[in-house]
Every structure is written in C-alpha cells, then in structure tokens.
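The values are calculated or read from the model by the stated rules, or taken from the named source; none is laboratory data. No experiment lies behind these values; they were computed from the predicted model shown. Here Cβ is always computed from backbone atoms with ideal geometry, including for glycine, and neighbour counts include all displayed protein chains. Areas reflect the complete protein model, heavy atoms only, side chains present, ligands, DNA and RNA absent. Shrake-Rupley method; radii C 1.70, N 1.55, O 1.52, S 1.80 Å.
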Amino acid sequence: MTKRIAVFPGSFDPITKGHENVVRRAAAMFDEIIVAIGHNTTKQSMFELEQRKHWVKETFADLEQVRTEVYHGLTVDYCKQEGARFLLRGLRNSGDFEYERTIAHMNKALWPDLETILIFTDTAYVSVHSTVIREIIKNNGDVSEFVPAAVRF
Ligand code: ADP
C-alpha cells in the first residue's frame, strides 16, 4: 500500500498549541505528516525561519511519523515533490472555512489528486491565533498558556 503522507503547511510564527493539537490528532490518520514551514519572501515574520523550525521540531520530537521541513514556492508543488496526496489544515471558525475553501478549490484545480483534509480545532484552542500571540509577545505579555513548552525566547 502506498504511504499516506500529509503536508501541514503554515508559517508557524510561532507554533501554537492549536497547531500542535491538529498535528497530534491527525497523527492517527496518516503514516507520515510533514509540518512544512513556508518560506514567504514578501511576508515579514516575527521569528527567524531556523528558530521557527527548531520549535516545531522540538514540539514533535516524540512523534516518529512527524517531520519538519522548510519549503519554497507553491504548496501543491511541494506536496507533489514529497509524494503527499493529503493537505492538512485546521479550522477554527467560519472565517477560516471561507479562506480554506478558496485555497482548497484552487489547489484542486492545480493538482486534482490532492485532497485537503480539514480538522476542527479543539474548543480549548478556538481563539488561539498566531497574530494575536505575536501582538502579546510584542507587548511583553505571557503567552506560555498558548504555545508549546518548546517555544522559549
Ligand atoms: P497560515 O499563515 O497559512 O495561516 P498558520 O501557521 O497561521 O499558517 O496556520 C497553519 C494552519 O493551522 C492553518 O490551517 C490554520 O487554520 C491552522 N490553525 C492555526 N491556529 C489554529 C488553532 N488554534 N486551531 C486549529 N487550527 C489552527
């Protein structure tokens, strides 16, 4: 049987407990999950790529079917390159849904064999957004409740 490989793409700036929860629950569904950090040259990130990668890697160090990579270019091209036919995404609310639907349809048009798999967030993490976390960090607030223990700065 061909391996069921899923790519979980994002900026992970920084990784949150919401992201972690999605990957841990999906681990039961796939043989391998690649947490793929997109290298976006136009989007200014708060944390360096290597730092983000290190935190993601450490967060999933106990899961042998999860690996962390950095990719450039289109997500569908990266999935093809890795032989991944599943694209994993998390859903918090209707805003996420509308966004994910658009992206999923575009990706389907670009590569019809790719299936987008959406997982609802655990209610505990429904309000956890990287954007808000970055704002709290900028203002010296405590984010330890919202990010995995590996995230230290
Ligand atoms: P992007 O920059 O593509 O939005 P993110 O790193 O913010 O990437 O998120 C990657 C994926 O994780 C997206 O599918 C997003 O919807 C999902 N996600 C983010 N926060 C949560 C959360 N709290 N619960 C569940 N899924 C989440």
Taking protein heavy atoms only, a 1.4 Å probe, and rounding to whole percent, the accessible area of the chain owed to carbon and sulfur comes out at 52
To the nearest Å², the heavy-atom accessible area per residue of region 5-138 with 1.4 Å probe amounts to 53
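What number, in percent, do you get for the relative contact order of region 1-72 if the mean sequence gap of Cα pairs under 8 Å and at least 6 apart is divided by its residue count?
Result for region 1-72 is 40 percent.
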In a Gaussian network model of the chain with springs linking alpha carbons closer than 10 Å, the residue among His72, His19, His129 that fluctuates most is His72
Taking Lys and Arg as +1 and Asp and Glu as -1, residues besides Ile34 with C-beta under 9 Å from its C-beta add up to -2
Within the chain, pairs of Lys residues whose Cα atoms are less than 26 angstrom apart, provided they are eight or more positions apart or on distinct chains, add up to 18
With a ≥ b ≥ c from the Cα gyration tensor eigenvalues, square-rooted, and the rule rounded for a/c under 1.5, otherwise prolate when a/b > b/c and oblate otherwise, region 24-128 is rounded
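Given Cβ point charges of +1 (Lys, Arg) and -1 (Asp, Glu) and nothing else, what value in debye, to the nearest 20, does the dipole of region 5-138 about its Cα centre take?
Charge dipole of region 5-138: 280 debye, to the nearest 20.
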